[in-house]
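Structure first, then comments.
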C-alpha cells in the first residue's frame with residue numbers, strides 16, 4: 001500500500017478520453033482512482049498543487065539507449081530511468097545494442113530487474129531482431145517477450161537482408177510486437193558523418209544522402225505489406241520518408257513512425273564549426289525536412305515523438321568530427337524542445353503533444369499507461385507549459401552531457417512525475 | 001605576439017578570410033620570395049619562436065615547404081609524425097594538443113586526415129594553428145600558393161577563368177581554391193566525372209563541366225588535381241585508362257584551345273593519368289614555380305600570424321622587422 005497522491009487544480013489534459021479542463025486527480029494503490037472537482041481528499045494523501053500546470057498521462061519514450069550492460073560508465077539503467085523521470089517520462093523502452101547485445105531472455109530479464117530496482121521510470125527492454133545484431137539469424141523473440149521484451153530492433157544497425165527482415169516481420173506477428181526499423185542503406189551511408197548537401201560539401205565531410213534512409217524505409221514498408229507485420233520506423237529525418245510513410249498508411253499497411261526532438265528543431269547548419277554534439281545518425285537535415293516533419297507530427301503521419309537518447313562519455317565526443325560517435329542525450333530536454341519547436345510556433349497544441357508523447361506510444365506499442373482513465377496505471381506527468389529554463393548539462397540526471405542544447409533557453413518544464421502512484425521526480 | 005595579427009590567431013581555411021586578407025598574404029609573400037634566392041637563405045624574423053609541424057598524415061612536399069619557410073625565418077622547428085609518436089599508441093588529438101600547449105610552443109602546423117581537425121586544435125590551444133590540410137576540407141596554403149602563381153603569371157586574379165579538374169569530391173585543394181579564387185574575383189569551374197563531384201557543388205558558385213574539352217575551351221588556367229589511385233579501387237571510376245581517355249589533360253587537347261592555357265598541379269602527379277608528361281613539362285606549366293611560391297606564401301603566413309605587420313614585411317626581409 002502506498003500513500004495516495006492528490007494532484008490538485010491542474011489543467012488535466014488527456015486526449016485518450018478527450019479530457020481538457022481544470023480538475024483534481026486522485027491516485028490510489030498505483031491506479032487512477034478519480035478525476036474531477038470535489039473528489040475528496042484522503043487524510044493521508046500527498047498533495048501536489050498543480051495550479052497553472054498541465055497534468056497529463058505520463059510520457060512514454062519508445063526509443064532510448066541506456067548503455068547497460070557494457071557501458072555503465074556512460075549510463076546505467078538506473079541513471080537513465082532517473083533522467084527519464086526528470087524529463088516527464090514514466091516509461092522508457094531500452095534499445096538492445098548494448099555489450100553484450102540484448103538478444104536472449106536472460107539479458108531481457110536483467111534489464112527488467114535493473115529497471116525495477118531503479119524505482120524511477122518504468123523500463124521496458126527491446127530485444128534484438130538478430131542474434132548479436134549480426135543480421136544473420138533471428139533472435140528468440142518468443143522467449144524474450146515472455147521475459148518482458150515489448151518489441152524487437154537491431155537499432156544502431158540496419159537489417160541488411162530483406163529476407164531476414166521479412167521473416168522478422170512475419171515471426172513478430174506471432175507475438176504481436178512491433179519490429180522497430182533502423183532505416184539505413186549501409187553502402188550509401190558508409191563513412192558518412194552528416195547530411196549530404198552544401199554544408200557537407202563545404203566542410204569536406206562525407207555526407208549521408210536522404211535516400212540512404214528512404215530506400216530502407218520503402219523496402220520495409222513493402223515488406224510490411226507483404227507480411228502484414230507491424231513495422232515501426234525509428235528516427236525519421238527526411239521529407240521523402242514522410243511521403244513514403246503517408247503512401248504506406250494510405251494503403252492500409254501497418255507502418256508507424258517516430259521522430260526525434262532534434263530532427264524537429266535543428267538543421268544541418270548546427271554542424272558548422274564541427275560541433276560533435278550535432279553529430280547523429282540519421283544526421284540533422286535541412287530546414288525543408290524539419291518543416292515537413294513538424295507537419296507530419298501534426299497530421300499524424302508521424303505517430304509519435306521518441307528521444308533516441310544516446311549518452312556518450314565526454315571524451316568520446318571530444319575528438320575529430322568524423323571519428324566522434326553519433327547521438328545526443330535527449331530525455332531531459334525532449335518536452336521542452338517539442339514545446340519550443342512545435343507548440344510555441346503553433347504547429348500543434350498541447351493536446352497533440354500529449355498524444356504524440358504518451359497516448360500514441362502506449363497504444364501502438366501495447367504498453368500500460370497513455371491514459372488517465374479511472375482504473376488505469378497511475379503514471380502521470382505534471383509540467384509547466386510556460387516555464388522558461390536554460391539547459392545546463394551539468395545538472396542532468398543522465399550521466400551523459402552530450403547535448404547541442406547546452407546554454408539554450410527553452411520553454412516547458414517537467415514539475416513532477418508519478419509512476420505507479422508514487423512521486424518519482426519533483427523539480428526542486 | 002607583439003601586435004594584433006591581421007589574420008587573427010589561426011589560418012584554418014580560405015573560406016573564413018576576406019579578399020583583403022588573402023591579398024594581404026599574397027602581397028606579404030612577394031618580398032619573402034627573394035630570401036630564397038639568396039646565398040644565405042635566412043632572416044631572423046621568427047628567432048626564438050617554436051613551431052611544431054604536426055603531421056598525422058604522410059606528406060613530403062608540404063612538410064618540407066613549411067620547414068623551409070620556418071627555418072628561413074629562423075624559427076626553431078620540431079617535426080612530429082603520427083607513426084612513431086604517442087599518436088600511434090592511441091593518444092587522442094586533444095591530449096596531443098594539451099601536451100604541446102604545456103611545452104609552451106608558439107605555433108602548430110597541422111596536417112590531419114579528418115576534416116575540422118585544425119579547427120578542433122585551434123579551439124583548444126593558445127598557439128597559432130596553421131592548417132596544412134585537414135581531411136577533405138581545406139588546404140589553405142596550397143590555395144594561396146596557387147593564387148600567387150596565377151597572379152605572377154597573369155598580373156591579376158579578378159576576371160580570370162580557372163577550372164579545377166579531377167577529384168573535387170575528396171580534394172581539400174579544390175575547396176581552398178574555390179574560396180580563394182572567388183573571393184579575389186575569378187570565375188571558377190570544375191571538371192571531372194560526376195562521381196567525383198560533391199552533389200551540391202553547383203551551390204558553391206562554380207560552373208560544372210563534364211567534358212575536359214569544354215573546360216579547356218573555357219579556361220585561362222587549369223588546376224589539375226591528382227587522381228588518388230584508391231578512388232579507382234573504391235569504385236568511383238572504372239579504370240585509370242578510361243579516366244585518361246576522357247579527362248586527361250593532353251597536349252593534343254590543349255593545342256585545340258583558343259588560347260594558351262596555364263597549367264597548375266598541386267602534385268604529386270600521376271603522369272599519364274590526369275596529366276600527360278608533355279603537358280606537365282611543357283611551356284605553359286607552372287608546376288615548379290608553384291613549389292617555389294609555396295615557401296614564400298608559408299613564410300608570409302607564419303610572419304603575419306606571429307604578429308608581423310604587413311608594412312614591415314620588407315624590413316623583415318632585411319632582418320629588421322622581428323615581431
*Per DSSP H run of n ≥ 4, the term is -39500 (n - 2.57); total these for the protein assembly as shown, divide by its residue number, and report the mean residue ellipticity at 222 nm rounded to 500 deg cm²/dmol.*
-9000 deg cm²/dmol
*Using a Gaussian network model of chain B with C-alpha springs under 10 Å, which one of B:211, B:63, B:226 is most mobile by mean-square fluctuation?*
B:211
*asked:* Quick check: residue separation of residue A:211 and residue A:422 times 0.36 nm, minus the Cα distance between them. What number comes out in nm?
replied: 71.4 nm
*Counting only DSSP beta bridges with both residues in the protein assembly as shown, what percent are antiparallel, rounded to the nearest 5?*
35
*asked:* I need the calculated FRET efficiency for the pair residue A:37 and residue A:299, taking r as the beta carbon distance and R₀ as 35 Å, to the nearest 0.05.
replied: 0.50
*asked:* Let me check against my output: what whole-number percent is the relative contact order of chain B, with C-alpha pairs under 8 Å and at least 6 apart?
replied: 24
*Grab the beta carbon distance between residue A:136 and residue B:233, set R0 = 41 Å, and tell me the FRET efficiency rounded to 0.05.*
0.90
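What share of the DSSP beta bridges in segment A:127-236 is antiparallel, in percent to the nearest 5?
Close to 10 percent.
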_Residues B:250, A:276, A:381, A:187 arranged by fewest to most Cβ contacts within 10 Å_ = A:187, B:250, A:276, A:381
*asked:* How far apart, in nanometres, would the label points at residue A:162 and residue A:51 be if each is projected 7 angstrom from Cα along the Cα-to-Cβ direction?
replied: 6.3
*Going by a ≥ b ≥ c, the root eigenvalues of the Cα gyration tensor, does chain A fall in the rounded group (a/c under 1.5), the prolate group (a/b larger than b/c) or the oblate group?*
prolate
*Between residue B:21 and residue A:22, with labels modelled 7 Å along Cα→Cβ, what's the label distance in nm to one decimal, could you check?*
5.8
*List A:130, B:59, B:171, B:83 from most exposed to least, where exposure is judged by having the fewest other Cβ atoms within 10 Å.*
B:83, B:59, A:130, B:171
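Shape of segment B:125-176 from its Cα gyration tensor (a ≥ b ≥ c, root eigenvalues): rounded if a/c is under 1.5, otherwise prolate when a/b > b/c, or oblate?
oblate
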*Acute angle (nearest 10 degrees) that the helix B:140-154 long axis makes with the longest principal axis of chain B, alpha-carbon atoms*: 60
_If I take every Cα pair under 8 Å that is 6 or more residues apart in chain A, average their sequence separation and divide by the length, what percent do I get for the relative contact order?_
20
*Please order B:236, A:314, A:405 by the number of other Cβ within 10 Å, starting at the fewest.*
A:314, B:236, A:405
*Given a Förster distance of 41 angstrom, what is the FRET efficiency for residue A:73 paired with residue A:409, based on the Cβ-Cβ distance and rounded to 0.05?*
0.85
*Taking Cα pairs under 8 Å and at least six residues apart, what relative contact order does segment A:256-362 come out at, in percent?*
33
_Under the 0.36 nm per residue contour assumption, what length would be gained going from the current alpha-carbon distance of residue B:208 and residue B:259 to full extension?_
16.3 nm
_Tilt relative to chain A, helix A:105-118 - C-alpha long axis, 0 to 90 degrees, to 10_ = 40
*asked:* Expected output is a single nm value to one decimal: the length gained when fully extending between residue A:117 and residue A:176, i.e. 0.36 nm times separation in residues minus the C-alpha distance. What is it?
replied: 18.5 nm
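Since every read-out is calculated from the coordinates, none of them should be taken as a lab result. What you are looking at is a predicted structure, and each value in this text was computed from that prediction instead of being measured. We place every Cβ from the backbone using ideal geometry, glycine too, and count neighbours over all the protein chains shown.
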